[in-house]
Each structure stands twice: as structure tokens, then as C-alpha cells.
Amino acid sequence: MSTQLIKPLITEKMTVQGDKLNRYGFTVRPEANKLEIKQAVEAMYGVKVEKVNTMNYRGKNKSRYTKTGLLAGRTVHRKKAVVTLAKGEQIDFYSNI
């Protein structure tokens with residue numbers, strides 16, 4: 001089940017939410033649903049998950065001019081999950097460093 005999680009989101013905004021609201025962000029696989037994400041976080045970190053919110057981000061169209069002409073493409077689609085833990089639970093991403 002832990003294969004649903006790709007990586008944790010370590011940003012300024014998510015760090016503040018982790019400290020104040022007990023919420024942690026993860027980049028997850030696009031096909032993962034909320035129940036699978038909850039089970040993966042509970043199995044990997046040994047915590048009790050209260051709520052899972054998910055967001056799908058479409059890739060942006062990008063283009064640039066080069067010597068050979070215009071190159072066009074798009075960035076990768078992503079899915080993010082924000083997990084709210086039960087009161088008293090905590091995840092420490094920095095313990096392995």
C-alpha cells in the first residue's frame with residue numbers, strides 16, 4: 001500500500017500547517033484514492049489519520065524559442081494529498097537526516 005505515496009511535501013506552507021494544524025502533505029500516484037492514501041500513511045509512519053484531502057493539478061503548457069524554432073510541451077500532471085492526523089500524533093520527516 002505504501003507505493004501510493006511518492007514523496008512528502010517539504011515546503012514552508014506545509015511545515016507551518018504541520019506545526020499548527022497537524023496536517024502533512026504528500027505527492028501521491030494519480031490513481032490513488034483517499035482510503036488507499038490513508039492506509040499507506042498509517043502503515044508507513046505508524047500514525048492515526050483522521051482526514052484526507054486530495055487535489056489534482058494539470059500540467060501547464062510551456063513553450064520556448066530556440067535556434068531551431070519553437071519547442072512546445074507541457075509539465076507533468078500531479079496529485080497531492082493533505083493528511084490531517086489525530087490529536088497528539090506527529091510525523092517527523094527530518095529524523096532520517
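Some observations on this one:
- Within the range 2-33, the set of residues being out of contact with any Lys or Arg (no Cβ under 9 Å at 6 or more places or on another chain) and either on the phi > 0 side of the Ramachandran plot or without any contact (Cβ under 8 Å) to a residue 24 or more places away in the chain (or both) comprises LYS7, THR11, GLU12, LYS13, THR15, VAL16, ASP19, LYS20, ASN33.
Here is a yes/no grid of residues against (1) farther than 11 Å from LYS79 by Cα; (2) assigned to a strand (DSSP E or B):
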| residue | (1), (2) |
| --- | --- |
| THR15 | yes, no |
| LEU35 | yes, no |
| LYS38 | yes, no |
| MET44 | yes, no |
| GLU50 | yes, yes |
| THR54 | no, yes |
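- Residues of the range 56-76 that are surrounded by fewer than 11 Cβ atoms within 10 Å (Cβ to Cβ) and not in a strand (DSSP E or B): ARG58, LYS60, LYS67, THR68, VAL76.
- Verdict on LYS79 being surrounded by fewer than 11 Cβ atoms within 10 Å (Cβ to Cβ) and out of contact with any helix residue (DSSP H, G or I) (no Cβ under 9 Å at 6 or more places or on another chain): no
We did not get these values from a lab; they are worked out from the coordinates using the rules stated. Just so you know, these numbers come straight off a predicted model, no measurement behind them. Don't worry about glycine lacking a Cβ; one is built from the backbone with ideal geometry, like all the others, and counts go over all protein chains shown.
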